[in-house]
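Encoded as structure tokens, the structure appears first; notes follow it.
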Amino acid sequence: MSKGYDKPAKNLDDDGLKGKGTFEMDMEKLIGAGLAKEGEDGRLRLSDELFAALTEYANRSDNEADNCRRAEVLGFGGRNIRVAPGAIIRVHDRDNIGSNVFIGLYSYVNGNVTIGENTLIGPHCSLAAGNHKFDAKTGWFSARTEADGDDSIRIGEGSWLASNVTITGGVKLGRCNLICANSVVTKSTPDYAIMAGIPARQIGRIDAESGEYCWE
């Protein structure tokens, strides 16, 4: 038995070039190697062996070596940046991601985003700079993100964003912030702040000398 999924659209190319996209060409190589085939319904079907290998890899690939390899493929190599499986990183300038940064499972970093060195981004976090503007003439929001003042995001060095944190456009986090799980940060924060809630508010601070948490 083989596992199937829909074929990719034809003539896709991230570089805007005509012809078949990279993904489609890779699938043709798999078909040629006997690792996939096209079913009667038009869907591509992976061999059981390849499907099992990819499934196991996806479940075991959140490790130091593979996360570093992913960072290298995305152009962030050489600075001990680690990228977990499923993370999407589309920043304006790769140099805006500092050294020794970890970006967790299925997190989304998009636009004019700067992440300071020694920062931990947990799983399922969203850092999306920019906004979609409502257009009264059309009656709907713009398809592309549009600047509305300074919509850039900056994460201060040494910070930790726990699971499922959202940082909205324009927010600047101070250094060594702890952003608690499921928080939505809509305003900029001071150094050593502990933030929690929707919208997030400061619930404490970190003593920079002792490392102790001081709760408000």
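The values are calculated or read from the model by the stated rules, or taken from the named source; none is laboratory data. Remember, it's a predicted structure, so these values are computed and weren't measured experimentally. FYI the Cβ positions are ideal-geometry reconstructions off the backbone, even for glycines, and counts take in every protein chain you see.
Got a sec? Which strands (runs of 3 or more DSSP E) wholly within the range 118-216 have at least 3 residues that are within 23 Å of ILE103 (Cα to Cα)?
Hits in the range 118-216: 126-128, 153-155, 193-196.
I need the full set of residues from the range 67-88 which are of a type outside the set (Lys, Arg), touching a residue at least 12 places away in the same chain (Cβ under 8 Å) and in contact with a helix residue (DSSP H, G or I) (Cβ under 9 Å, 6 or more places away or on another chain), in order please.
Within the range 67-88, LEU74, GLY75, PHE76, ASN80, ILE81, VAL83, ALA84, PRO85, GLY86, ALA87 qualify.
Could you go through the range 63-72 and let me know if any residue there is in a strand (DSSP E or B), surrounded by fewer than 16 Cβ atoms within 10 Å (Cβ to Cβ) and out of contact with any Pro (no Cβ under 9 Å at 6 or more places or on another chain).
No, that holds for no residue.
Run ALA143 past the list (1) under 23 Å from ILE81 (Cα atoms); (2) within 21 Å of the chain's Cα centre (by Cα) and report the number of the one that doesn't hold.
Result: ALA143 passes all but (1).
Take ALA65 and decide whether it is of a type in the set (Gly, Ala, Ser), out of contact with any Asp or Glu (no Cβ under 6 Å at 6 or more places or on another chain) and within 24 Å of VAL171 (Cα to Cα).
No; evaluated as a whole, the condition is false for this residue.
Hey, among the residues in the range 187-215 that are of a type in the set (Ser, Thr, Tyr) and touching a strand residue (DSSP E or B) at 6+ places or on another chain (Cβ under 9 Å), which one's farthest from ASP151 (Cα to Cα)?
This residue is TYR213.
Filter the range 129-150 down to the residues that are modelled with pLDDT of 85 or more and among the acidic types (Asp, Glu) and list them by number.
Across the range 129-150, the qualifying residues are ASP135, ASP150.
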